[in-house]
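Novice: Dumping the structure here so I can ask a few things about it.
Where a number appears in this text, it was derived from the coordinates with a stated rule and is not lab data. The shown structure was predicted, so the numbers you read here are calculated from the model rather than taken from an experiment. Cβ atoms come from the backbone with ideal geometry, glycine included; neighbour counts cover every protein chain shown.
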Amino acid sequence: MRVLVFGASITQGFWDTEGGWVQRLRRYYDQKSVANIKEEEDYPDIFNLGVSGNKSGDLLARFDNETVARLKTGSSGVIIFCIGTNNAYVEGNESWSPPEVYKNDLLKLVDKAKKYVNKILFVGLPPCEEEKTTPVFWRDISYTNERIQVINGMMQEVATEQNVPRVEIFEAMHGAMKSGQQLFLDGLHPNDAGHQLIFELVRPVLDKLLNT
């Protein structure tokens with residue numbers, strides 16, 4: 001079984017010395033495969049398809065090509081979407097693009113994904129440290145938790161409408177930050193501890209999905 005994980009730089013694993021939460025998933029299942037080589041087909045192959053800077057529209061444009069190269073129609077695989085943080089930024093003094101565009105893109109992605117698999121999972125978006133992200137240091141763009149939560153809300157709406165399971169990330173990370181944990185390196189991308197927390201939140205949900 002193959003698990004395709006689509007997203008942007010957080011999915012790609014920026015600033016985690018161990019490769020990010022998706023790589024941690026791969027290592028977890030690879031270790032199980034190696035330890036039980038005769039049953040290795042019982043464990044999934046994880047594909048990281050995160051591309052830095054992607055918005056939902058960018059992912060929509062590349063989704064079919066990326067997927068058809070790795071899955072056959074009707075495969076017993078899983079497609080995971082963790083996309084939307086870049087839909088939440090504002091560049092310079094420009095206005096924010098309508099969040100409804102994101103919702104429509106996500107609906108189209110779910111519709112496309114259903115042509116390949118019958119198991120889809122949403123991974124919600126992490127918060128940010130606004131004192132470091134308004135703007136970020138590498139570009140004149142700004143992220144706020146208010147806008148990220150709006151996008152998260154759109155994802156939850158699609159999850160409910162389409163009966164797609166969703167892993168909540170924002171509240172867990174925000175709570176950990178309030179307790180004093182350092183989870184971000186640059187205010188936007190999680191550090192090792194942040195990626196580990198996302199992995200710990202996603203893994204049991206994915207395990208359950210794989211076994212249903």
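Novice: Quick test for you: out of R2, R24, pick the one residue that is among the charged types (D, E, K, R) and in contact with a Leu (Cβ under 7 Å, 6 or more places away or on another chain).
Specialist: Of the residues listed, the single one that is among the charged types (D, E, K, R) and in contact with a Leu (Cβ under 7 Å, 6 or more places away or on another chain) is R2.
Novice: Restricting the search to segment 160-173, which residues are within 19 Å of R203 (Cβ to Cβ) and touching a residue at least 24 places away in the same chain (Cβ under 8 Å)?
Specialist: V164, P165, R166, V167, E168, I169, F170, A172, M173
Novice: Please go through segment 98-134 and pick out each residue that is assigned to a helix (DSSP H, G or I), over 20 Å from G77 (Cβ atoms) and in contact (Cβ under 8 Å) with a residue 12 or more places away in the chain.
Specialist: P99, E100, V101, Y102, K103, D105, L107, E130, E131, K132, T133
Novice: Here's another thing I want to ask about it. Suppose the filter is surrounded by fewer than 20 Cβ atoms within 10 Å (Cβ to Cβ) and in contact with a strand residue (DSSP E or B) (Cβ under 8 Å, 6 or more places away or on another chain); does V101 pass it?
Specialist: no
Novice: Can you pull out every residue in segment 65-105 that is of a type in the set (A, V, I, L, M), touching a helix residue (DSSP H, G or I) at 6+ places or on another chain (Cβ under 6 Å) and farther than 20 Å from L206 by Cα?
Specialist: Result: A88, single match.
Novice: Return a yes/no flag: does segment 3-18 have any residue that is farther than 20 Å from H189 by Cα and surrounded by 13 or more Cβ atoms within 10 Å (Cβ to Cβ).
Specialist: yes
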